[in-house]
Each structure stands twice: as structure tokens, then as C-alpha cells.
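Notes follow once the structure below has been shown.
What follows is calculated from the coordinates using simple rules that are stated; it is not laboratory data. A quick note: this is a predicted structure, and the numbers were derived from the prediction, not measured. Neighbour counts run over all protein chains shown; Cβ positions are idealised from the backbone, glycine included.
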Amino acid sequence: MRKFKIAVIVGSNRRESINRRLAQALAKLGAAKFDVVWARIDDLPMYNQDLETQLPESVARFKAEVEGADGILIVTPEHSRSVPAVLKNAIDWGARPWGKNSWAGKTVAITGTSPGAIGTAVAQQHLRHMFGVLGALVMGGEAYVTFKPDLLDAAGAITDDSTREFLRAFVDQFAGLLQRLEPARQAAA
Ligand SMILES: Cc1cc2nc3c(=O)[nH]c(=O)nc-3n(C[C@H](O)[C@H](O)[C@H](O)COP(=O)(O)O)c2cc1C
């Protein structure tokens with residue numbers, strides 16, 4: 001299996017983001033299978049249709065990162081039982097301008113963590129809806145991670161064996177799906 005290029009999008013602009021730490025742990029778990037591009041979203045301007053005539057540089061960069069990836073991994077917090085504004089903003093930029101939807105045909109895997117008992121389940125559900133509408137293929141299954149202070153060790157590795165193996169299976173499932181969809185990506189290229 002060749003290594004797949006994935007764009008990782010963290011749905012938080014917080015410096016000490018627990019989702020960024022989880023994303024880094026997932027990237028380590030998948031290091032043999034993925035080359036990771038960290039697609040930054042905190043420097044995208046607030047979406048405004050007026051800006052579509054001349055896309056801001058950060059938007060053009062973000063869209064190119066999404067379009068150039070074999071797959072997209074979203075690791076996000078939940079805000080007010082939905083998608084954080086910074087991530088919704090990035091999704092809207094990816095979808096625009098009309099006819100230049102960067103998400104169309106992309107394979108997307110979604111996970112996230114929060115200290116709450118249902119670990120971002122509602123935000124992830126909203127993302128599944130959005131990406132379906134935008135013509136992406138969202139990987140099946142569920143990965144809701146309840147964050148505990150000892151989830152990750154000082155080196156950023158997942159401490160609990162069963163959580164690590166669960167997330168390894170999630171990463172492996174994503175690589176397997178990208179492998180099965182390789183002919184479709186090649187045909188579309
Ligand atoms: C505006 C706001 C809304 C939040 N709403 C939720 C929520 O609906 N569900 C949840 O589990 N946690 C919620 N939280 C708590 C976050 O899970 C927590 O702040 C977490 O650290 C955010 O992830 P991050 O560190 O990656 O930014 C909310 C936090 C903020 C700032």
C-alpha cells in the first residue's frame with residue numbers, strides 16, 4: 001500500500017487545543033500509512049461572498065491543500081452542540097466559489113474529543129450532514145473520544161491500551177478506504 005497524502009484539519013484555534021493533541025497522536029498512529037499536511041484554518045478570513053472575486057491568499061492555500069489531498073481527516077471539538085465557528089468558516093470557504101467546491105469527491109474521516117461524556121458526537125453528526133451535502137464521502141463508523149487529563153502522555157502518545165487500539169483501527173479503516181477508492185481518484189484525475 002502506498003502512503004496516502006491526508007490533510008488534517010483541527011477544528012480549534014486554541015493554542016493548547018486537546019483536539020490538536022489528539023490529531024498529532026492519530027498522525028503518529030498512522031505514520032506508516034499517511035503523509036500529513038496540517039491544513040491551517042485559523043488565518044482564514046470570516047467568509048464573505050464579496051471576497052470571492054479575488055480569493056485571499058490563505059483561502060487559496062487552504063483550498064489547494066484540500067484539493068491536493070487523497071483524504072481529509074477532521075479532528076474537532078464541539079461548540080454549543082455543533083461545529084466550532086472556525087471550522088464552519090473553513091468548510092464554507094472550501095465549498096465556494098460556486099463551481100469550485102474543494103470537498104466534492106473527497107474522502108473524509110471525522111473524529112474529535114471533548115471532556116464531555118458524549119465526546120463531540122453532535123458536532124460530528126452535523127459535519128456528516130454538511131459533507132454529505134457538499135458531495136464528500138464520509139467514512140462510516142463512529143469515533144467519539146472523551147478527553148481525560150491522562151489520555152496522552154508527555155510524548156503525545158495515547159496511554160490507554162483499549163483507546164489506542166480503537167483509534168488505531170479508526171486510522172487503519174481510513175487507510176483501507178483510501179486504498180479501495182484509489183481507482184476512483186485516478187479515474188477522476
Ligand atoms: C464556546 C464553547 C462551547 C462549548 N460547547 C461544548 C459542547 O457543546 N460540547 C462539549 O462537549 N464541549 C463543549 N465545550 C467545551 C470544549 O469541549 C472544550 O473547551 C475543549 O477543550 C475544546 O477543544 P479544544 O481544546 O480542542 O479547543 C465548549 C467550549 C466552548 C469554548
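Things to note:
- Helix 121-133 axis, angle to the chain major axis (alpha carbon atoms, nearest 10°): 30
- Separation in nanometres of the label points that stand 7 Å from Cα toward Cβ, at E67 and A184: 2.1
- Against the chain, whose longest principal axis comes from its Cα atoms, helix 57-67 is set at around 70 degrees.
- The distance between label points at K28 and T53 comes to 4.9 nm (points 7 Å beyond Cα on the Cα→Cβ vector).
- Computed over the chain, relative contact order equals 23 percent, with contacts defined as Cα pairs under 8 Å that lie 6+ residues apart.
- With the cut-off at under 16 Å, measuring from each backbone N in segment 68-87 to a point 7 Å along the Cα-to-Cβ line of V122 picks out 77-85.
- Dipole magnitude for the chain: computed about the Cα centre from +1 point charges on Lys and Arg Cβ and -1 point charges on Asp and Glu Cβ, it is near 240 debye.
- For segment 20-40 versus segment 66-84, the gap between their alpha-carbon centres in whole angstrom: 13
- Antiparallel content of DSSP bridges confined to segment 41-141, in %, to 5: 10
- Cα lying deepest toward the dipole's positive end in the chain, options A184, A32, I118, charges on Cβ: A184
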